[in-house]
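S.K.: Here it is, the structure in full.
Read the figures in this text as sums done on the coordinates, not as results from a lab. This structure is a prediction, so every number in the text was calculated from the model and none was measured. Here the Cβ is made from the backbone with ideal geometry for all residues, glycine too, and neighbour counts use every protein chain on show.
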Amino acid sequence: MERLWQDIRFALRSLRRSPGHTAAALLALALGIGANTAIFSVVYGVLLEPLPYPSPERLVMLIDANPSRGFDRFTSSPPNFVDWRAQSRSFAGMAAMTRANPSLTGGGAEPERLEGTQISAGFFETLEVPPALGRGIGAADDRPGAPPVAVLSHELWRRRFGADRQLVGRTIELEGTPHTVVGIAPEGFQFPSRVEVWTPLALEITPQMRGGHFLGVVGRLKPGVPVARAQAELTVIASRLEKQYPDSNTGWTVNAVPLRELIVEDVRPALLVLMATVAVVLLIACANVANLLLARMASREREVAVRTALGAGRGRLVRQFLTESVLLALAGAGLGLLVALWGTRALVAMNADNIPRAAEIGLEPPVLLFTLALAVVTGLVFGLVPALHAARPDLQGTLKEGGRGASAGVRARSARGALVIVEVALTLVLLVAAGLLLRSLVGLSAVSPGFETAGTLTLELNLPEARYPDDDGDPRIAAFYDEVLAEVRGLPSVVSAGAGYPLPLGGSAYVLSFVVEGRPEPPPGQEETSHIRFVTPGYLESLAIPLVRGRRLNAGDRDGGLPVAVINRTMAEKTWPGEEAVGKRFTFDDPGDDDVEWRTVVGVVGDVRHTTLDTEPAAETYLPMAQAPSSAAVLVVRTDGDPMRLADPVREAVRRADADLPVFSVRPLTKVVAESLAEQRFRTTLLAIFAGLALVLASVGVYGVISYGVTQRRHEMGLRMALGARREQVQRLVVGQGLRLVLVGAAVGLVAAYLATRLLASFLYGVRTTDPLTFAAVPVLLALVALVASWLPARRATQVDPIVALRAE
């Protein structure tokens, strides 16, 4: 222990004697370790930290799938859920849920739209999370006709009701209906995402509902029951239901997916790529610091030789220099924690909506332990080469008067050159990866969404069912939209206005199977399907969706009139290939029913990318809101000016039609499109930042090696110039040395990039992982950077005075 303290004290004195080298090394290490800590904090919070529920490993989501129809992950139908719960023996509990975002009104406050979920009885019991106050939703609440009740989130209870403990047992108005508050959820509880209020499903299960998929289902496995056993049991049940209900269940099965897997599966690949990226940045930083230490070692060759001559063994020398390296790394890690603290906050702020469990991300104790371990390993990695070099000193050359240890110098130059080659190769890999993602993002941004975004305002509404039932034939929803849109269309600068649901690039959709008139009904499981959009007249015009044939919807398409539909080009070409689709009829009902409703195609419009910009359009049907009412809708207002100037006037128009109706998600359509690219932009930005950091470190490495080489060869340069060498020749000699290192590193890096970029294939759109332009441009960029980094020392080399060099010789 005494020797260790001696090594530490000596290391601290040695680092203080070279403040320039120490500061440069600390900066490189702080950036490298800080970036790794920031990304690992996100990885730990999202992928590694246990879910905030008791025994989370026993929680699974039950997800429907119908591979024959292209549905790998789908919501469940209520009758199927009831059968799973009744027939399975592997689960201690099972509950269903569906999103329902009610409006909170009354109490003298502004109406507010809440993030809500309707749940079945046993929801909180399945999660084993009892409410902080009151109770959960029981079987008596979860039945048709039961008195409405609600459980509030802790955050809503505190924000809106001042944490009033007497609120339990009182009523609040949701969707215009009084609900008794029966419980308050624990602080911080959310499942599976942010929720502010839970209300009962209270479904009346009928056989007709078996084909309707809209429920999420969570189950808790019994202790000791593995997921595989539960999956085998569910497969048997699904097969049984398929035989029992062929019309609705043909091709459908159910998968038990661990809850953690479902939460993180979309973000895991991107996080692992980023983790690999910052690891490469740290390796580059290590190579840079090792180069600094090798350069500094040249000034300590005499010291090392003296210590060796006095009896210091190789092990003693290696331990001394590794102690210095580890201390340097620990100091860099301390500064890196400040970088990580800022970086973690920036990462979450940049993409909070697309990072699951974002609220749980921070510098937790496991993250700090990771940083400590990383610092020790980093110190050993970058300190090993200088330590081994120092353990083999050239005693005879170094101890002579004026001796410079020629053989040791050659070894040191070779080691520094090899480290630069490694830096350049790793930097090229990161630059190629960043270039591919950047080209992909540019290509994706150029994809036409199928509508025009400029000058368009969007506002979301959710009409309460108690006042606006969405039953066919009820005129109240259509009357509300007619009133609001008539007033909005009269506002100055408004070109057109309409309402529809869901909004393009919103990700949500209704999917129904249909039958074409005059064709035999297809076998179960082979029906044609279409995504359904509910729209008012003016909606298609406000989005500027082009009309291909026929007409758009108009004010005459109302309840009691001819049932009509407008379809997109994809549906027209897939359903009636080579035929005129306008005038054809199809139905979403059973063609054998007496009251079957046949819809006539009155128009064909262009394709719209409703899911994401990189997802090809599917078959879509636009139904008139007056014939197929929807309580949820988005107002779309096209203007010839700044769309946000219309936000307040449109809000006022809604308020005059219904003072208790909240308006939310007010934003221009350009922002909707931008938000759909947020995840791709996040990945690209981070990788570009890390690649840029690597480029800076690599250029500093090239500059340091060439600059140190010029210093070591100062006499040689003077002699060359004294013997007649021109300044341009000396400059070419020095610059050529730097370019040779970069070219070798680029050659190695191109091979590594060819292999590594295959991991990015799932993130790219319209760009191959071997894109020739990117693979050609990045080496050119590196060569230019190396040229600049080498030119500065080369210019200094030409300023050597030949007379001084000759005198020295």
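S.K.: Using the Kirkwood radius over Cα pairs, work out the Stokes-Einstein diffusion coefficient for the range 491-548 at 4 °C and 1.567 mPa s, in µm²/s as a whole number. It would help to have the intermediate numbers written out before the result.
M.R.: Numbers: Rh = 14.1 Å.
For these conditions, the coefficient is 92 µm²/s.
S.K.: Please state the charge dipole magnitude for the range 447-538, taken about the Cα centre, from unit charges on C-beta atoms (+1 on K and R, -1 on D and E), reported in debye and rounded to the nearest 20.
M.R.: The calculated dipole for the range 447-538 is roughly 320 debye.
S.K.: In the range 570-644, which GluC sites (Glu not before Pro) fall in coil by DSSP and have 15 or fewer other Cβ atoms within 10 Å?
M.R.: E579, E580, E597
S.K.: A776 to R740: FRET efficiency via 1/(1 + (r/R0)^6), r the Cβ-Cβ distance, R0 25 Å, to the nearest 0.05?
M.R.: Details: r = 20 Å, r/R0 = 0.80.
Efficiency at R0 = 25 Å is approximately 0.80.
S.K.: Let me ask you something else. Would you mind listing how long the range 160-212 runs along its three principal axes, going by Cα atoms, in whole Å with the largest first?
M.R.: 44, 26, 16
S.K.: Given H placed on each backbone N at 1.01 Å, which residues far from F91 in sequence or on other chains put an amide H within less than 5 Å of it?
M.R.: The list, which skips near neighbours in sequence, is K222.
S.K.: Near the amide H of V495, under 5 Å away, which other amide H atoms are found, from residues 5 or more places off or on another chain, if H is placed in the peptide plane?
M.R.: Hits under the 5 Å cutoff: R638, T639, D640.
S.K.: Round to the nearest 0.05 the FRET efficiency obtained for V376 and W342 when R0 = 25 Å and r is the Cβ-Cβ distance.
M.R.: Details: r = 23 Å, r/R0 = 0.94.
Using R0 = 25 Å, I get an efficiency of 0.60.
S.K.: Could you give the radius of gyration (one decimal) and Dmax (whole number) of the Cα atoms in the range 18-135, in Å?
M.R.: Considering the range 18-135 through its Cα atoms, Rg and Dmax are 23.8, 75 Å.
S.K.: Gain in length, T685 to W791, computed as 0.36 nm per residue apart minus the alpha-carbon separation, to one decimal in nm?
M.R.: Details: separation 106, 0.36 × 106 = 38.16 nm, distance 3.05 nm.
Additional length available on full extension: 35.1 nm.
S.K.: Output ³J(HN,Hα) for the range 547-558: one whole-Hz value per residue in order, computed from phi by the Karplus curve 6.51 cos²θ - 1.76 cosθ + 1.60 with θ = phi - 60°, and x for Gly and Pro.
M.R.: The phi angles translate into 8, 8, 8, x, 9, 8, 6, 9, 5, x, 8, 10 Hz.
S.K.: Let me ask you something else. Just how large is the dipole of the range 495-570 about the Cα centre, in debye to the nearest 20, putting +1 at every Lys and Arg Cβ and -1 at every Asp and Glu Cβ? The partial results should precede the final answer.
M.R.: Values: 7 positive and 7 negative charges, 63 e Å.
For the range 495-570, the charge dipole is close to 300 debye.
S.K.: In addition: Which net charge results for the neighbourhood of E423, defined as the other residues with beta-carbon distances under 15 angstrom from its beta-carbon, given Lys and Arg at +1 and Asp and Glu at -1? Before the final figure, lay out the partial values.
M.R.: Details: positive: R416, R740; negative: none.
Residues close to E423 contribute a combined charge of +2.
S.K.: To continue, here is another question. Which distance in nm do the two modelled labels at A232 and R551 give, with both placed 7 Å along the Cα-to-Cβ direction?
M.R.: That separation, rounded to one decimal, is 6.3 nm.
S.K.: While we're looking at this one, here's another question. In Å, what Rg and Dmax follow from the Cα atoms of the range 76-228?
M.R.: Cα only, the range 76-228: 15.9, 53 Å (Rg, Dmax).
S.K.: Let me ask another. Roughly speaking, what is the stretch gain from R89 to W598, that is 0.36 nm per residue apart minus the C-alpha to C-alpha distance, in nm to one decimal?
M.R.: On the way: separation 509, 0.36 × 509 = 183.24 nm, distance 4.41 nm.
Computed gain between R89 and W598 is 178.8 nm.
S.K.: Counting Lys and Arg as +1 and Asp and Glu as -1, what is the net charge of the other residues whose Cβ lies under 12 Å from the Cβ of V273?
M.R.: Details: positive: R268, R683, R758; negative: none.
Spelling it out: positives minus negatives among the neighbours equals +3.
S.K.: Follow-up question, since we're still on this one. Starting from the 7 Å offset along Cα-to-Cβ, what nm value, one decimal, do you get for the label separation of S448 and L562?
M.R.: A separation of 2.9 nm, rounded to one decimal place.
S.K.: For the range 563-696, give the magnitude of the charge dipole about the Cα centre (Cβ charges: +1 Lys/Arg, -1 Asp/Glu; no others), in debye to the nearest 20.
M.R.: On the way: 15 positive and 21 negative charges, 163 e Å.
Rounded to the nearest 20 debye, it is 780 debye.
S.K.: Ok, one more. Label-point separation (nm) for R519 and R99, each offset 7 Å from Cα along Cα-to-Cβ?
M.R.: 3.1 nm
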